[in-house]
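Take a look at the structure set out below.
The values are calculated or read from the model by the stated rules, or taken from the named source; none is laboratory data. Just so we're clear, the structure is a prediction, and the values are computed from it rather than from any experiment. Every residue, glycine as well, gets a Cβ built from its backbone with ideal geometry; the counts of neighbours run over all protein chains shown. Ligands, DNA and RNA are excluded from the accessible area calculation, which covers all protein heavy atoms including side chains. Shrake-Rupley method; radii C 1.70, N 1.55, O 1.52, S 1.80 Å.
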Amino acid sequence: MITTRLKSFFHNYFRLEQDYFTVGGWKKDLIYFMKQGNIYAHLIDRIKFRIYPKFLLLPDFPSHIDIETASACQMRCPMCYTTYMSDDLKGVMKWDLFTKIIDEAAQRNVYSVKLSWRGEPLLNKKICEMVKYAKDKGIKEVAFLTNAELLTQSIAEKLVDAGLDWLSISADGVGKVYNEIRSPAIFEETVERVRYMRNYRDKKGLTKPLLRVQSILSAVEKDPETFYKSWDGVVDRINIIADHIRDFKHRDDQEYDQYYICPKPWTRINVAYDGRVHQCGADYSALSFVGDCNTQSLYEIWHGEGNTKVRDAFRRHTYLKDLPACKDCSYGLMQEKQTVNIPGQGEMVVQRYKSVPKVVGEEGVRLHTPIDKLTPRQIHRLEKK
């Protein structure tokens with residue numbers, strides 16, 4: 001027991017990133033950090049984000065807010081919870097609710113907001129106005145994740161002009177692997193959409209939005225060189241992330257670290273499109289609400305009974321028993337090292353979750369979207385094959 005707790009101590013207290021790796025290593029990370037600007041404020045934010053949770057230090061207010069501008073998505077990726085999510089959890093955030101959240105966040109000097117969670121933010125027709133509103137209110141870092149299929153030239157230009165700070169493109173693998181996972185998107189078309197945004201930004205003499213691409217490890221580990229070359233010069237940073245739990249069902253064989261301390265209850269608030277605040281970003285199916293922005297302030301929610309219960313569960317090491325959503329999350333799982341070699345970039349030592357099956361295996365993509373979940377566009381594409 002003592003040995004297990006000591007291992008957990010070192011794992012939790014001396015690792016900054018659990019499953020997220022940049023091609024090019026710390027040098028690329030440093031360049032990216034400097035380009036983000038607001039160096040002093042960003043450094044203070046990183047201390048709160050990385051260090052405070054390790055010592056269970058609770059700031060008076062979080063420095064980051066996740067705001068789900070849309071929980072719906074036009075895609076039906078086989079490893080995404082949104083594909084299987086019930087319709088009553090899908091929607092887009094209304095403007096008045098968004099401005100209410102941003103107004104308090106700005107008043108409380110929140111450093112950053114991310115305008116995405118389960119769905120595709122570009123489905124919200126006011127996404128460009130939302131970015132501009134948050135920037136005009138003084139939020140230093142405004143960003144979101146996207147699959148980029150809806151990133152038209154017009155929207156790309158508006159996002160650049162609105163002052164978006166960074167955009168992360170989820171693009172798993174290349175060619176056939178990407179096209180199967182991200183159907184009906186086409187890999188080359190996605191790259192060109194992002195390239196247009198990069199060129200528009202550069203022509204205006206701007207450094208933002210910083211662009212980054214992210215793929216799950218199993219989708220690129222067989223041919224990381226092609227993935228790298230496809231995006232080199234198009235984005236500012238190329239990331240690889242470990243495969244997470246994607247079967248969305250509780251399994252008895254998952255190897256959890258019972259002493260894991262999740263940083264999120266000490267660093268951020270996660271607001272769904274309808275204003276309800278979930279335990280965290282892993283609470284896809286609304287198993288645990290900690291507040292409601294329609295009737296409460298963010299400050300009340302941050303210090304409220306719901307969030308206190310979540311933090312206490314980690315303090316007492318009872319999170320696996322007390323917090324059902326944690327069983328859908330990979331961060332508390334045990335990890336093991338794996339090496340990925342990218343010619344010209346050297347070896348990357350990455351971490352993978354030991355008990356999580358790969359999305360892409362030896363025979364190709366392991367998970368497949370059920371027929372009854374496919375969109376008409378996907379069905380049409382299948383029929384054409």
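Per residue, the chain reaches -10000 deg cm²/dmol at 222 nm when only DSSP H runs of four or more residues are counted, each adding -39500 (n - 2.57). Please give the FRET efficiency for K222 paired with V349, using the beta carbon to beta carbon distance and R0 = 22 Å, rounded to the nearest 0.05. The value I calculate is 0.80. One decimal place: the segment Y196-Y20 gains 60.7 nm when fully extended, by the rule 0.36 nm per residue minus the C-alpha distance. Only Lys, Arg, Asp and Glu carry charge here, each on its Cβ (+1 for the first two, -1 for the last two); on that basis the chain has a dipole of about 580 debye about its Cα centre. Packing, as the average of other Cβ atoms within 10 Å across residues, places the peptides 232-241, 116-125, 335-344 in the order 116-125, 232-241, 335-344, highest first.
Coupling constants for region 117-123 follow from the phi torsions by the Karplus curve (6.51 cos²θ - 1.76 cosθ + 1.60, θ = phi - 60°), and in residue order they are 7, 7, x, 9, x, 5, 6 Hz; glycine and proline get x.
Distance between the modelled labels on K204 and K125, one decimal in nanometres: 2.3 nm (7 Å Cα→Cβ projection). What the phi angles of region 66-78 give under the Karplus curve with 6.51, -1.76 and 1.60, with θ = phi - 60°, is a coupling list of 8, 10, 7, 5, 7, 9, 7, 8, 7, 9, 9, 5, x Hz, glycine and proline written as x. Hey, any idea what % of the chain's accessible area is carbon plus sulfur with a 1.4 Å probe? Answer for the chain: carbon and sulfur cover 53 percent of the accessible area.
Sites listed here are GluC sites (Glu not before Pro) in region 241-332 whose DSSP assignment is loop and whose Cβ has at most 13 other Cβ atoms within 10 Å: E255. Once you list every other residue whose beta carbon is under 14 Å from the beta carbon of D223, what net charge do they have if Lys and Arg are +1 and Asp and Glu are -1? Net charge in that neighbourhood comes out at -1. For the chain, the share of alpha carbon pairs falling in successive 10 Å distance bins from zero is 5, 22, 34, 29, 9, 1 percent. The phi-based Karplus calculation (6.51 cos²θ - 1.76 cosθ + 1.60; θ = phi - 60°) puts the 3J(HN,Hα) values of region 288-299 at 8, 8, 10, x, 8, 5, 6, 10, 10, 7, 4, 4 Hz, whole numbers, x for Gly and Pro. Of all DSSP-defined beta bridges confined to the chain, some 45% are antiparallel rather than parallel. Charged side chains reduced to their Cβ positions (Lys and Arg at +1, Asp and Glu at -1) give region 206-335 a dipole of some 280 debye around its Cα centre.
Taking the centroid of alpha carbons for each part, region 199-230 and region 319-370 are 21 Å apart. In a fully extended conformation the segment linking L56 and E363 would gain 106.1 nm over its present Cα-Cα distance, using 0.36 nm per residue.
Taking N as the residue count of region 137-244, its C-alpha radius of gyration divided by 2.2 N^0.38 Å amounts to 1.06. Annotation: amide H of V365 has no partner in the under-5 Å range at sequence separation 5 or more or interchain, hydrogens built in the peptide plane. Heavy-atom accessible surface of the chain, averaged per residue, reaches 46 Å², computed with a 1.4 Å probe. By the Cβ distance rule (another cysteine Cβ under 4.7 Å), the unpaired cysteines of the chain are C73, C128, C262, C280, C293, C326, C329.
Among 363-374, 271-282, 94-105, sorting by the average number of other beta carbon atoms lying within 10 angstrom of each residue, highest first, gives 271-282, 94-105, 363-374. For the pair K337/K94, report the inter-label distance in nm, with labels modelled 7 Å from Cα in the Cβ direction. Between K337 and K94, the simple spin-label model gives 5.3 nm. Site pair D372 and E305 shows an inter-label distance of 3.8 nm when each label is modelled 7 Å from Cα along Cα→Cβ.
Once backbone amide H atoms are built at 1.01 Å from N, S288 has Q279 as its partners under 5 Å, excluding neighbours fewer than 5 places away on the same chain. Along the axis of the charge dipole computed for region 309-356 (Cβ charges of +1 for Lys and Arg, -1 for Asp and Glu, origin at the Cα centre), the listed residues Q345, M334, L323 are led at the positive end by L323. Each pair of Cα atoms in region 219-334 enters the Kirkwood radius, and Stokes-Einstein at 4 °C and 1.567 mPa s then converts it into a translational diffusion coefficient of 79 µm²/s.
The lysines whose alpha-carbon is closer than 17 Å to the alpha-carbon of K208, local same-chain residues fewer than 8 away aside, are K28, K35, K114, K132, K135, K140, K158.
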